[in-house]
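The values are calculated or read from the model by the stated rules, or taken from the named source; none is laboratory data. Fair warning: this is a prediction, and the values are worked out from it, not measured in the lab. Neighbour counts are summed over all protein chains in view; Cβ atoms, including those assigned to glycine, are modelled from backbone coordinates with ideal geometry.
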Amino acid sequence: MSYTKILFTTDSGVATITLNRPDKSNAFDDEMTRETLDALKQIERDETIRAVVLTGAGKNFCAGQDLAAFLERQNSPEGLSVREHLLNGYNKVVTKIRTIEKPIIAAVNGAAAGAGLGICCACDIRYVSENAKFRMAFIGIGLAPDSGTSFLLPRLIGYGRALEMALTNELLDARGAYAAGLANKVFPPAELMDATMTLAKQLATAPTRGIGLSKRAFNRALVTDLEGALDYEAYAQNIAIETADHREGVHAFLEKRAPSYIGR
């Protein structure tokens, strides 16, 4: 599939998806949603891709939904079911990001709002520019949260802080996001992509199955009790111990050398 609303590149085992509507602050229309989901599906299938970077073109990460495009569909003769729009669009993107068994890093270069914040929260790690800004945005136009924000944001920054952002439409800057636990690290704008790619290439040489199983365990732990989490850890570890990368890691440790992981 050729893309017109995103850029998709691969290098050294790292795939980079760049949301590419800078004149619209990388807001999603239906085509960009479809392209992003298609790229994520490619990444999931391609064993040579072992880490992912998600970023935005220009000054912003993603402003969420393109409201002009949304209103055009809403006012069309066939109308628009918002529920179907979410179920078939953002919900699939957020779910795919969470369930792809490869590390996904958001390089947040500017504003992340609404669905853009939801997609940012869904990523495994968030490296952010000093220019980054985060806003729930939904209440600002009389809407409730969507795109996973009500589930993911409280788990990153706490219930009270997240609900405050949802109700007041407060803007959180990069340093505030770091202090709250939303940003893993903050960088000067000129250093963001180099730092992100350094981490992505490091993770692309890590034991990919172990990373995937770690994501599974953390996802399960979000919705279970301690007993369930312990049981799932035992299940996942039973899979991990049979991988080639586990065997390589043990041999490398005993032989006092750096491991060479193949992702299987």
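Here are a few things to note about the model shown:
- Members of the range 167-200 found to be surrounded by fewer than 19 Cβ atoms within 10 Å (Cβ to Cβ) and either outside the structural domain of Leu143 (by TED's automatic domain parsing) or of a type in the set (Gly, Ala, Ser) (or both), listed by number: Gly176, Ala179, Ala180, Gly181, Ala190, Ala195
- Among (1) in contact with a strand residue (DSSP E or B) (Cβ under 6 Å, 6 or more places away or on another chain); (2) over 26 Å from Ala57 (Cβ atoms); (3) hydroxyl-bearing (Ser, Thr, Tyr), the one test that Tyr178 misses: (2)
Conditions (1) without any contact (Cβ under 8 Å) to a residue 60 or more places away in the chain; (2) under 19 Å from Ala27 (Cβ atoms); (3) among the small types (Gly, Ala, Ser), marked per residue:
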{"site": "Leu117", "(1), (2), (3)": "yes, yes, no"}
{"site": "Ser129", "(1), (2), (3)": "no, yes, yes"}
{"site": "Leu152", "(1), (2), (3)": "yes, no, no"}
{"site": "Leu163", "(1), (2), (3)": "yes, no, no"}
{"site": "Asp173", "(1), (2), (3)": "yes, no, no"}
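- Within the range 89-110, considering residues that are touching a Lys or Arg at 6+ places or on another chain (Cβ under 7 Å) and closer than 18 Å to Asn20 by Cβ, the one surrounded by the fewest Cβ atoms within 10 Å (Cβ to Cβ): Gly110
- For the range 8-27, taking the residues that are touching a Ser or Thr at 6+ places or on another chain (Cβ under 8 Å) and not in a loop (DSSP other than H, G, I, E, B), the one that is surrounded by the most Cβ atoms within 10 Å (Cβ to Cβ) is identified as Leu19.
- Among residues of the range 207-233, those that are under 17 Å from Ile100 (Cα atoms) and hydroxyl-bearing (Ser, Thr, Tyr), counted: 2
Yes/no matrix, rows are residues, columns are (1) within 18 Å of Thr55 (Cβ to Cβ); (2) modelled with pLDDT under 95; (3) assigned by TED's automatic domain parsing to the domain that holds Thr33:
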{"position": "Val82", "(1), (2), (3)": "no, yes, yes"}
{"position": "His85", "(1), (2), (3)": "no, yes, yes"}
{"position": "Lys92", "(1), (2), (3)": "no, no, yes"}
{"position": "Pro103", "(1), (2), (3)": "yes, no, yes"}
{"position": "Gly110", "(1), (2), (3)": "yes, no, yes"}
{"position": "Gly114", "(1), (2), (3)": "yes, no, yes"}
{"position": "Ala122", "(1), (2), (3)": "yes, no, yes"}
{"position": "Ile125", "(1), (2), (3)": "yes, no, yes"}
{"position": "Gly142", "(1), (2), (3)": "no, no, yes"}
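- Taken together, the residues in the range 111-142 that are in contact with a Gly (Cβ under 9 Å, 6 or more places away or on another chain), assigned to a loop (DSSP other than H, G, I, E, B) and surrounded by fewer than 24 Cβ atoms within 10 Å (Cβ to Cβ) amount to 1.
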